Amino acid sequence: MSGAASSTPAPAAATAKAGVTIVLKDIVQEYPAPGGGTTRVVDGVNLAFERPGINMLLGPSGCGKSTILHMLGGVRPMGAKTPTSGKILIDGAECDGAHDDSVMVFQRYANRPDLSVFDNVAFPFRLKLWRQRIAETEWRQRVADTLKAVGLADKQRLRPAQLSGGQNQRVALARALVLRPRILLMDEPFGALDAQTREEMQRLLIDLHNAQPCLVVFVTHDVTEALVLGDRVIVLSAQPARVADDFVITEPRPRSGAWQRSGEAVRMEERIFEQLHASGPGRGSVRVTV
Amino acid sequence: MAEFWNPYATPDARARRLLGVGAVVTVLVIWSLLAVSGLVSPNKLPAPWDVLLAFSYLAWHDGESMLLTATLWSIGRLAAAGVLVMAIGIPIGIAMGAAPKLNAALSPLVDPFRSAPVVALLPILVMWLGIGEEMKIAFLFLGAVVYLIPLVRDAIQAVPQSYWIGARDLGATPWECIQKSVVPMAMPRIADAVIVAFSVMWTYITVAEYVNARVGLGQLIQNARRFSAWDQVFAGIIVIIALALTTYQLMVHLKRKLYPWETQQ
Ligand SMILES: Nc1ncnc2c1ncn2[C@@H]1O[C@H](COP(=O)(O)OP(=O)(O)OP(=O)(O)O)[C@@H](O)[C@H]1O
Ligand SMILES: [Mg+2]
């Protein structure tokens with residue numbers, strides 16, 4: 001993404017390139033309420049992400065996780081200013097509006113049914129933004145490499161309808177990774193997959209992250225997923241969202257079943273559940289997929 | 001009979017063909033019986049074999065084929081109007097579907113024409129464009145484009161928003177979202193709209209060739225009617241129906257070839 005890296009022979013610059021900081025300062029988000037007035041969805045969130053790693057974002061349904069993730073990506077929901085107040089700093093510079101440091105992956109992979117797997121992954125290079133930066137020989141190589149990395153090299157001529165749900169999610173992940181983003185924003189990306197496929201995808205994410213570390217912000221409602229993947233776990237309170245808990249997991253990945261059953265992991269799990277349940281029943285139960 | 005009232009129990013291809021051919025044969029038999037029985041005078045309903053004779057007469061006599069010449073002229077006019085309909089109607093429809101403000105501004109101008117008596121516009125077109133080819137092509141164009149534009153707009157609006165969002169999140173400009181994501185996803189429905197437009201043009205071809213046509217299927221029917229040659233009128237109508245059906249089948253086939261993914265969805 002940085003122009004310098006492609007023009008100079010990068011001396012193991014991968015880590016330098018991956019280094020990115022995001023600071024959220026007093027983020028407040030309000031939406032117009034149906035009966036007039038406003039609803040405060042996010043209420044003064046302060047967070048800092050300073051090194052590559054997987055950051056898990058948990059919280060009760062409807063608390064504002066997706067809202068925060070979209071803010072990080074500079075994507076505006078319709079009919080509202082985001083954030084209502086507060087600042088988002090990326091590498092110290094205030095970010096207002098779309099930027100290309102980040103790429104998003106959603107639960108609902110929007111794979112194009114008319115394009116092959118290869119063309120789906122290569123889709124960003126049909127856009128001016130990426131075509132201008134990355135030469136065709138390079139992006140072709142990158143697509144091939146990324147397809148191999150996600151295990152779809154032998155499926156690249158097929159169409160999405162000929163793939164399983166997990167394979168489709170791999171395509172979506174590959175389309176994000178092929179851009180080598182410094183920030184990868186994932187909104188319940190594995191939420192719709194069956195348990196076994198989800199575990200496979202988690203392992204894949206760990207491998208890919210080891211090979212190409214970047215700053216991942218990963219929204220999930222699955223506590224186990226948070227413990228298996230996270231370098232850091234952030235728990236938000238029910239609407240209006242505040243940071244209820246924020247802790248680090250130092251256990252190296254992949255994390256064994258034994259660790260997951262260890263006292264440390266169980267205590268973390270209880271700690272998360274406590275915060276999630278503290279938000280109280282019946283609140284924030286509205287699900288909105290943006 | 002258990003499967004009779006079941007919209008999902010599609011009979012196999014052979015059964016379907018059998019039922020279709022059976023229906024056509026039944027109509028032919030009833031038609032023949034009416035003609036033989038003398039219940040309906042041949043001046044009102046010519047017998048099927050008379051129509052067939054008329055057809056062969058039109059197809060070949062005195063060393064020329066009136067039918068072929070007429071057909072080629074009609075197809076030519078339809079093709080010329082069709083190219084115009086697509087070249088002008090598709091971009092307008094896409095623009096209206098992609099930009100709600102354009103849609104709000106243009107739909108009051110376009111939508112009412114779907115139910116407007118386009119035939120009544122013919123004298124106006126004659127006044128503006130004279131009685132030559134321009135008028136005929138303009139008439140076909142008008143009749144079809146008012147159907148095509150709203151259908152293309154609807155095709156664009158029917159594309160799930162997730163494709164638009166997906167492109168935007170990857171850094172596409174608003175126009176790229178439309179051009180690279182939304183339009184390709186709308187193509188099968190746009191193709192359906194084009195097929196409808198051609199069907200509409202076939203229904204209007206006789207009207208288009210009503211005024212001062214020296215040659216064409218519409219003129220052929222018109223001429224036959226003047227001489228009360230009802231068998232030739234029937235033959236002409238059947239040829240138009242056959243051509244319209246063939247166009248339809250060819251275009252549906254082409255559409256399936258171009259967008260095979262639509263049915264895999
Ligand atoms: N564009 C919008 N206009 C009005 N209200 C919105 C808008 N987008 C989100 N909201 C509201 O903001 C709240 C938070 O939504 P958000 O999608 O961020 O929740 P979430 O934490 O991601 O939930 P889930 O876990 O169900 O995905 C919800 O109550 C939702 O109704
Ligand atoms: Mg969400």
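The values are calculated or read from the model by the stated rules, or taken from the named source; none is laboratory data. Quantities reported herein were computed from a predicted structural model and do not represent experimental measurements. Every residue, glycine as well, gets a Cβ built from its backbone with ideal geometry; the counts of neighbours run over all protein chains shown. Each accessible area value is taken on the protein alone, full model and side chains, heavy atoms only, with ligands, DNA and RNA left out. Shrake-Rupley method; radii C 1.70, N 1.55, O 1.52, S 1.80 Å.
What number of residues within segment A:204-222 satisfy the criterion of being surrounded by fewer than 22 Cβ atoms within 10 Å (Cβ to Cβ) and either modelled with pLDDT of 95 or more or more than 16 Å from ligand 2 (Cβ to nearest atom) (or both)?
Within segment A:204-222, the first condition is being surrounded by fewer than 22 Cβ atoms within 10 Å (Cβ to Cβ), and the residues that meet it are A:204, A:206-213, A:221-222.
Filter once more, so that each one left must be either modelled with pLDDT of 95 or more or more than 16 Å from ligand 2 (Cβ to nearest atom) (or both): A:204, A:206-213.
Counting residues in segment A:204-222 that are surrounded by fewer than 22 Cβ atoms within 10 Å (Cβ to Cβ) and either modelled with pLDDT of 95 or more or more than 16 Å from ligand 2 (Cβ to nearest atom) (or both) gives 9.
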query = Which numbered condition trips up residue A:67, out of (1) in contact with a Ser or Thr (Cβ under 9 Å, 6 or more places away or on another chain); (2) away from ligand 2 (no atom under 14 Å from the Cβ)?
reply = (2)
task = Could you tell me whether segment A:238-247 includes any residue that is among the basic types (Lys, Arg), over 15 Å from the mean Cα position of the chain (by Cα) and not in a helix (DSSP H, G or I)?
result = yes
ask   = Do the conditions hold for residue B:161, that is, is it out of contact with any Phe, Trp or Tyr (no Cβ under 8 Å at 6 or more places or on another chain), open to solvent by 10 Å² or more (accessible area, probe 1.4 Å), within 14 Å of another protein chain (Cβ to nearest Cβ) and more than 27 Å from residue B:126 (Cα to Cα)?
value = yes
query = Got a number for residues in segment B:166-184 being more than 7 Å from chain A (Cβ to nearest Cβ), open to solvent by less than 30 Å² (accessible area, probe 1.4 Å) and over 20 Å from residue B:83 (Cα atoms)?
reply = 5
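When only residues in segment A:232-258 that are among the charged types (D, E, K, R) and either open to solvent by 50 Å² or more (accessible area, probe 1.4 Å) or over 20 Å from residue A:102 (Cα atoms) (or both) count, which is nearest to ligand 1 (Cβ to nearest atom)?
The initial filter retains those residues of segment A:232-258 that are among the charged types (D, E, K, R), namely A:232, A:242, A:245-246, A:251, A:253, A:255.
Now restrict to residues that are either open to solvent by 50 Å² or more (accessible area, probe 1.4 Å) or over 20 Å from residue A:102 (Cα atoms) (or both): A:242, A:245-246, A:251, A:253, A:255.
Values: A:242: 13, A:245: 16, A:246: 17, A:251: 26, A:253: 24, A:255: 24 Å.
If we take residues in segment A:232-258 being among the charged types (D, E, K, R) and either open to solvent by 50 Å² or more (accessible area, probe 1.4 Å) or over 20 Å from residue A:102 (Cα atoms) (or both), then A:242 is nearest to ligand 1 (Cβ to nearest atom).
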message = Scan segment A:171-191 and tell me whether some residue there is without any contact (Cβ under 8 Å) to a residue 12 or more places away in the chain and either more than 16 Å from ligand 2 (Cβ to nearest atom) or touching a helix residue (DSSP H, G or I) at 6+ places or on another chain (Cβ under 7 Å) (or both).
response = no
key: Boolean, residue B:190 is assigned to a helix (DSSP H, G or I) and either open to solvent by 20 Å² or more (accessible area, probe 1.4 Å) or farther than 30 Å from residue A:115 by Cα (or both)   = no
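Of the residues B:195, B:156, B:124, only one is under 30 Å from residue A:108 (Cα atoms), hydrophobic (A, V, I, L, M, F, W, C) and away from every other protein chain (no Cβ under 14 Å); which?
Values: B:195 fails: under 30 Å from residue A:108 (Cα atoms); B:124 fails: under 30 Å from residue A:108 (Cα atoms).
Testing whether each residue is under 30 Å from residue A:108 (Cα atoms), hydrophobic (A, V, I, L, M, F, W, C) and away from every other protein chain (no Cβ under 14 Å) leaves just B:156.
Just to check your reading of the model, which residue among B:215, B:196 is in contact (Cβ under 8 Å) with a residue 12 or more places away in the chain, assigned by TED's automatic domain parsing to the domain that holds residue B:141 and in a helix (DSSP H, G or I)?
B:196
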ask   = Is segment B:54-66 home to any residue that is under 23 Å from residue B:242 (Cβ atoms) and touching an Asp or Glu at 6+ places or on another chain (Cβ under 7 Å)?
value = yes
query = Residue check: is residue B:42 in a loop (DSSP other than H, G, I, E, B) and either surrounded by fewer than 14 Cβ atoms within 10 Å (Cβ to Cβ) or at pLDDT below 90 (or both)?
reply = yes
query = Any idea which residue in segment B:239-265 is farthest from residue A:115 (Cα to Cα), counting only those that are surrounded by 15 or more Cβ atoms within 10 Å (Cβ to Cβ) and more than 14 Å from every other protein chain (Cβ to nearest Cβ)?
reply = B:239
